[in-house]
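Nothing in this text is a laboratory measurement; each read-out follows from the coordinates by a stated rule. No experiment lies behind these values; they were computed from the predicted model shown. Because the Cβ atoms are built from the backbone with ideal geometry, glycine has one as well, and the counts that use them run over all protein chains shown.
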Amino acid sequence: MDQAEQLRIIKAEQQQQTRPLARVITVTSGKGGVGKSNTSINLAIQFRKMGKRVIILDADFGLANIEIMFGTVPRHNLCDLIYQGKSITDIITQGPMDVGFISGGSGIAGMANLSIDYLNYIIQNLVQLDAMTDIIIVDTGAGIADAVLEFLVASGEILLVTTPEPTSITDSYSLLKALYRHPRFDQQATKVKMIANRVSRTPEGQVLFDKLNSVVERYLKVPMTYLGCVPEDSQLTAAVMRQVPVSLQDPGARSTKAYERIAGRLLDKKEAERQPRRGMAAFFSHIINGKK
């Protein structure tokens, strides 16, 4: 029995032992600076307001966006779990409204070289997240780097953040093309949902989605879903400068109301039932197997 087969058996055993599985939502973008991490943080706050337990995994390696926006410095990161023997509870930092977050560090690439016993230890720890939280938000890096694509092909639910800027639209399409042509991408198991960010008016968001989706449907043959838009908002900018999520600093802000609507759509009962839950162990097992 090879290592990949052993890993699949471990994953199956862990899934049988832990119920329910957490919902894993991966947030990404074609280019940096479009508000991806802001989206992750404010959706997490909105989910908490709706009574859900939430943990953010900051997978934008090398850029500590989540901890900077939260104004909190973590003592440990995912590398410490993988290589230093820390437990899953050791590496979770509590942010505002008890939103937990895990700093990714930079050690995912080396996971494929670990022994099966070590992988078993890691998966056992990751399984605990399914019991500790309802929703795990994975905040990826931007662009089409291999590390980003590994997270996306492992995810069943992807939120693509795009702005009306021509470079953002072009880079979003490039990201989707790279994702859809990835050898391990499963279009039946993965749903891509777009958020139009920094729009001047609500109709602009629908126009932006229609423009990108028409090209995606024509050339990539896999349609997206439109979740809604977030307006350009000076109150959001002010909140970022204060390292406080706008959803907490200004509940009445236009951007806050937009995040609230998008979170509500994601938690809509019919939408949630349509979205299969893989859990965190299955998510990382997919990444590890893909590197073998």
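Explain nothing, just the number: relative contact order of the range 3-290, from Cα pairs under 8 Å at least 6 residues apart, as a whole percent.
Details: 531 pairs, mean separation 78.4, N = 288.
For the range 3-290, the relative contact order is 27 percent.
Partner aspartates and glutamates whose Cα lies under 19 Å from the Cα of residue 211, excluding those fewer than 8 positions away in the same chain, are identified as 165, 171. Here 79, 229 are placed in order of increasing Cβ neighbour count within 10 Å, fewest first, which gives 79, 229. Close amide H partners of residue 199, meaning residues 5 or more places away or on another chain with modelled amide H under 5 Å apart, are 230, 232.
Put simply, when 181-192, 33-44 are sorted by average Cβ atoms within 10 angstrom per residue, most first, you get 33-44, 181-192. Under 5 Å from the amide H of residue 193 lie the amide H atoms of 158, 159, 160, 225, each residue being 5 or more positions distant or on a separate chain, with H modelled from the backbone and absent for Pro and chain starts. Across the range 183-197, rounded Karplus estimates of 3J(HN,Hα) from the backbone phi angles (6.51 cos²θ - 1.76 cosθ + 1.60, θ = phi - 60°) give x, 9, 6, 10, 5, 6, 9, 10, 10, 9, 10, 9, 10, 8, 10 Hz, Gly and Pro being marked x.
Among 31, 221, 49, what is the fewest-to-most ranking by other Cβ atoms within 10 Å?
So the residues, fewest neighbours to most, are 221, 49, 31.
For the pairs 36/257; 31/270; 193/270; 36/193; 52/86, note any where the Cα-Cα span goes beyond 20 Å. Table pairs above 20 Å Cα-Cα are 31/270; 52/86. Cross-link candidates for residue 269: which aspartates and glutamates have Cα within less than 17 Å, leaving aside residues fewer than 8 places away along the same chain? Here the aspartates and glutamates satisfying the reach criterion relative to residue 269 are 134, 157, 260.
Restricting to Cα pairs below 8 Å that are 6+ residues apart, what does the relative contact order work out to for the range 165-266? Please round to a whole percent. With pairs under 8 Å counted, the relative contact order is 23 percent. Between residue 257 and residue 131, the simple label model (points 7 Å from Cα in the Cβ direction) yields a spacing of 4.3 nm. Each of 27, 216 has some number of other Cβ atoms within 10 Å of its Cβ, and from fewest to most they run 216, 27.
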